Amino acid sequence: KLFHFGPCRVSMSVTEIRSGFTAIKANIQARDPIRTLSILSHPHSLHKVKLLDRCCITHHLFNFYVDKVFKHCKTEDSYINRKISSIANSFLSVKRKLGQCYEQNKCLCGQESKEKFKQILANYEGLNVTSAAIKSLGELDILLDWIEKSP
Amino acid sequence: SGELYCSLPNPRNVHFESVNMKNVLHWSAPEGTGDGVLYKVKYSVYGVGKWIRKPECRNINRTWCDLSNETSDYEEQYYASVKAFLNGMCSDWTETTRFNPLTDTKIDPPMVSVSSTEKSISIFLTAPEKWKRSPEEESVSLLQVYPGLQYNVSVLNKKTKKRWWFSVSNNTLVVPWLEPGTTYCVSAQIHVPTPLLHSGFSKEYCIATLKDK
């Protein structure tokens, strides 16, 4: 499916990512006992991000998942690990495409998107690495729901 | 809350049952308990720090609680929890898994209406509405919630038993080049590609094409 982030156009196999996540959602979310904290949705919801900032936030979030989340999500379950790595591969290709947009200045970052992403990193760094990575992985549907809402 | 130690077995299978985003919490009574068990319910928005009690589901003896109102923002995700009481004893709180109204709801079949000419039938499809608090509240079609929503339509020639399948995004389908004076039966299903959701098929609506003049 082709997603439009302003001048930046990125094709993404969301259905494939979603089905991979659906297969591991219950298992991964059960490993996250912290109900009172979210990486992506509180205190600021992704759904409040302005249209202009979508590309920049998406670019940073894909970098975040590839660089800080997937690699810290090893489990004792090989089935779960395989699903995680296939999601990670899908993210990697999208990360590259968004990176090209970013380098070609088609993915501008305003102050608000920087603040928003800073908050996400603060939420992430408020936990130990493994808990933060597992919680972020368990919130993948929050990211996908938001991305798919893009016009 | 004053309960020192809870030895009653926990409520079982605490889960949301959701249709068109009418989100109802369900559970089973604790094992080995007969009549007389009472329950209370609380819920929380994922990522927000507090549990909120549901007054209408306090000291109830039924094993369900409608939380549609409290979980109507489908940009949020939720947990709910139930506690049981019997003869002065209590159970621990028992929680649901994380509930995402957008991906965890079931969708009803579409409404279907048909009309015919001599050689064609027209099929009109309507997606169900999202649950709403009251009849006066503005209706929201699930088409607005799921912009990628499609309809799978089956058309059966009752005489030849030949069946066609169509997948359409808009809500009108005209099937041309049919036989005059023949009965055709139509059934339709909703399909959302992502997040992957589909309804059951609607019941069949049959109509005859007009006879040749």
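The values are calculated or read from the model by the stated rules, or taken from the named source; none is laboratory data. Model, not experiment: these values are computed from the prediction. No Cβ is skipped: glycine too gets one built from the backbone with ideal geometry, and neighbour counts run over all protein chains shown. For the accessible areas, the whole protein counts, side chains as well, though only heavy atoms, and no ligand, DNA or RNA atoms are used. Shrake-Rupley method; radii C 1.70, N 1.55, O 1.52, S 1.80 Å.
At a glance:
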{"read-out": "Subset tally (residues that are open to solvent by 20 Å² or more (accessible area, probe 1.4 Å) and modelled with pLDDT of 95 or more) for the range A:127-151", "value": "5"}
{"read-out": "So B:N69, is it over 26 Å from A:K25 (Cα atoms), away from chain A (no Cβ under 14 Å) and either surrounded by 17 or more Cβ atoms within 10 Å (Cβ to Cβ) or not aliphatic (A, V, I, L, M) (or both)", "value": "no"}
{"read-out": "Filter pass, A:L92 being open to solvent by 40 Å² or more (accessible area, probe 1.4 Å) and at pLDDT 95 or above", "value": "yes"}
{"read-out": "Filter pass, B:I60 being without any contact (Cβ under 8 Å) to a residue 24 or more places away in the chain, over 30 Å from B:Q189 (Cα atoms) and open to solvent by 20 Å² or more (accessible area, probe 1.4 Å)", "value": "no"}
{"read-out": "Unique residue being on the phi < 0 side of the Ramachandran plot and away from chain A (no Cβ under 13 Å) when the list is B:W93, B:W51, B:W64", "value": "B:W64"}
{"read-out": "Odd one out for A:L40, checked against (1) within 16 Å of A:D141 (Cα to Cα); (2) of a type in the set (A, V, I, L, M, F, W, C); (3) surrounded by fewer than 21 Cβ atoms within 10 Å (Cβ to Cβ); (4) in contact (Cβ under 8 Å) with a residue 12 or more places away in the chain", "value": "(3)"}
{"read-out": "Residue in the range B:172-183 that is surrounded by 13 or more Cβ atoms within 10 Å (Cβ to Cβ) and closer than 30 Å to A:E139 by Cβ present", "value": "no"}
{"read-out": "Selection count where residues are among the hydrophobic types (A, V, I, L, M, F, W, C) and open to solvent by less than 40 Å² (accessible area, probe 1.4 Å), scope the range B:25-57", "value": "7"}
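Okay, residues lined up against (1) touching a Phe, Trp or Tyr at 6+ places or on another chain (Cβ under 7 Å); (2) part of a strand (DSSP E or B); (3) open to solvent by 30 Å² or more (accessible area, probe 1.4 Å); (4) not assigned by TED's automatic domain parsing to the domain that holds B:Y43:
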{"site": "B:E118", "(1), (2), (3), (4)": "no, no, yes, yes"}
{"site": "B:S122", "(1), (2), (3), (4)": "no, yes, no, yes"}
{"site": "B:L125", "(1), (2), (3), (4)": "yes, yes, no, yes"}
{"site": "B:E136", "(1), (2), (3), (4)": "no, no, yes, yes"}
